[in-house]
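Here is the structure we will look at.
The values are calculated or read from the model by the stated rules, or taken from the named source; none is laboratory data. All values derive from a computational prediction rather than experimental measurement. Cβ coordinates were reconstructed from backbone atoms using ideal geometry, including for glycine residues, and neighbour counts include every protein chain displayed. Remember, those area values only see protein heavy atoms, side chains included, never the ligands or the DNA or RNA. Shrake-Rupley method; radii C 1.70, N 1.55, O 1.52, S 1.80 Å.
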Amino acid sequence: VWHRHWWVLLRRLFWSTVLNLGLLVVFVLWPVAGAIVPIDPGLEAGGLLLILLLWGLSFLWIWYEYEDWKNDYWIVTDTHIIDVDALPLISEDRRQARLEDIQDVRAEVPGFFDRLISKGNVFAETAGKAQNFELREVMNPQSIQNEIFNRRARARALAQQSQSAAKEADYAEIAEQAAQLVMERIGWVPPADQ
């Protein structure tokens with residue numbers, strides 16, 4: 001299971017955290033400002049309530065951004081690649097493709113800073129009507145690419161083994177039917193088991 005890089009989370013939380021801390025500073029300094037500049041007591045209390053309300057909403061914004069980051073992930077099983085993209089409390093979009101259908105996987109690290117923090121993208125191209133998968137801004141894209149390649153190779157080997165076993169079973173059944181047909185034509189009846 002892979003999530004977006006932690007840098008993406010920090011980037012998404014930046015403005016909500018700045019707003020949260022700014023409102024905290026205003027809340028703490030509001031009474032001090034009231035002592036320096038005379039403010040109507042009703043206005044001072046209303047202002048404090050408004051700041052507290054906005055501060056609480058900024059916590060909701062922080063929670064939403066974290067949940068949105070956490071709910072977007074990719075799973076690679078022994079047989080499938082699954083992309084889950086969900087918005088908190090709203091919707092979830094889940095796509096999947098069989099690993100055998102993956103034609104090519106490539107990793108991309110766009111810039112110098114991305115190399116420093118090991119952040120990049122992985123693109124998995126599928127065969128047929130299935131959509132391609134884009135794992136954007138993930139940690140260690142080369143290791144994800146290698147993991148998908150390894151699991152795809154195992155999935156293809158298992159599929160080939162099961163196809164070979166099915167063919168062998170078909171050949172054995174055909175041989176048995178042919179032998180039975182020949183025996184019926186020549187009139188030979190096997191002895192009854194006693």
Whole-Hz Karplus couplings 3J(HN,Hα) for the stretch 178-184, θ = phi - 60° and coefficients 6.51, -1.76, 1.60, Gly and Pro as x, run 5, 4, 5, 5, 4, 4, 5
Which option, (i) 22.5; (ii) 16.8; (iii) 17.8, is the value of Kirkwood radius over Cα pairs in Å that was calculated from these coordinates?
(i)
Pull up all non-local amide H partners of THR126: gap of 5 or more, or a different chain, and H-to-H distance under 5 Å with H placed in the peptide plane.
GLN103, ASN132, PHE133
Cα centre as origin, Lys/Arg/Asp/Glu Cβ charges: the chain dipole, Debye
540 debye
What nm value, rounded to one decimal, do you get for the distance between TYR64 and LEU13 when each label is placed 7 Å out toward the C-beta?
1.7 nm
Estimated 222 nm signal from helices in the chain, with DSSP H stretches of n ≥ 4 weighted -39500 (n - 2.57), rounded to 500
-21000 deg cm²/dmol
Virtual spin-label span in nm between LEU24 and GLU134, 7 Å along Cα→Cβ:
3.6 nm
At a probe radius of 1.4 Å, what is the per-residue accessible area of LYS70, in Å² to the nearest 10?
70 Å²
Between the stretch 82-107 and the stretch 48-68, the alpha-carbon center distance in angstrom
31 Å
Return the long-range amide H neighbours of HIS5 (sequence gap of 5 or more, or a different chain), with a cut-off of under 5 Å between placed amide H atoms.
VAL138, MET139
State, to one decimal in nm², a quarter of the convex hull surface area for the C-alpha atoms of the stretch 64-105, i.e. the direction-averaged projected area.
3.3 nm²
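Return a whole-number percent for the relative contact order of the chain, with Cα pairs under 8 Å and 6 or more residues apart as the contact set.
Values: 221 pairs, mean separation 34.2, N = 194.
Value for the chain: 18 percent.
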